[in-house]
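What follows is a single structure, written as structure tokens, with notes after it.
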Amino acid sequence: MKILLHICCAPCAIYPLKVLKEEFSEIMGLFYNPFIHPYIEFLRRLDAVKKFEKISNLKIIYKEDYDLEKFIREIVFREDKRCLFCYKDRLELTATIAKNGNFDYFTTTLLYSKFQKHEFIKELGEEIGKRKGVKFYYKDFRVGWKEGIEESKKLNLYRQQYCGCIFSEYERYKKYKSLPEEFST
């Protein structure tokens, strides 16, 4: 059985990969995370996934698209639905590549994060899978949250502090009334 694992970032791939190795004979990764902000953050996450590829011996397809303009055009006046657009974009591409690559299943590391809209991701993945003709593999990877964090620290992988889009970055910092220590000189 073959599965394509959508990867948003290296730390989020650690635990899902461990679980998938127990259930699938062939696993391939797909790095696709085109709406990260700022661009330097996108590059940090891309570099961390490349490092993880070497450490884990996981073959990874890289879609290095960076399309902040598309994201903004799609979500303007719908900012509260931005995550749904982002999930759909990533799952659609993953399912398409899985179908074209004769994979039996596709899944996503988004199911690992306790900060994502888990049930929506599951429903959307299943709907896209039916439409594209490839099965969506659902697993609640959140049970390995702490294990993945600890392993990413041991592997010295870059660990981001927010989901990724311009709005999640803003939400991360809006609580500050002055410059956070990490940016002080």
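Nothing in this text is a laboratory measurement; each read-out follows from the coordinates by a stated rule. Since the model is a prediction, treat every value here as computed from it, not as a measurement. Here the Cβ is made from the backbone with ideal geometry for all residues, glycine too, and neighbour counts use every protein chain on show.
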At R0 = 22 Å the Cβ-Cβ FRET efficiency linking LEU84 and TRP145, nearest 0.05, sits at 0.45
Relative contact order of segment 2-183 (C-alpha contacts under 8 Å, at least 6 apart) in percent is 29 percent
Among chymotrypsin sites (Phe, Trp or Tyr not before Pro) in segment 86-115, those in a DSSP loop whose Cβ has at most 15 other Cβ atoms within 10 Å are PHE115
At 25 °C and 0.890 mPa s, the Stokes-Einstein diffusion coefficient in µm²/s for the chain, with hydrodynamic radius from the Kirkwood sum on alpha carbon pairs, is 145 µm²/s
With the dipole of the chain defined by +1 on each Lys or Arg Cβ and -1 on each Asp or Glu Cβ, the option from PRO38, SER25, LEU84 whose Cα lies farthest towards the positive pole is SER25
Filtering trypsin sites (Lys or Arg not before Pro) in segment 58-119 by DSSP loop and by at most 16 other Cβ atoms within 10 Å leaves LYS59, ARG78, LYS114, LYS117
With a 20 Å threshold on alpha-carbon distance, the violating pairs from LYS99/LYS135; LYS114/LYS177; LYS88/LYS132; LYS18/LYS59; LYS81/LYS146 are LYS114/LYS177; LYS81/LYS146
Answer in debye to the nearest 20: the dipole magnitude of segment 2-183 about its Cα centre, from +1 Lys/Arg and -1 Asp/Glu charges placed on Cβ, is 120 debye
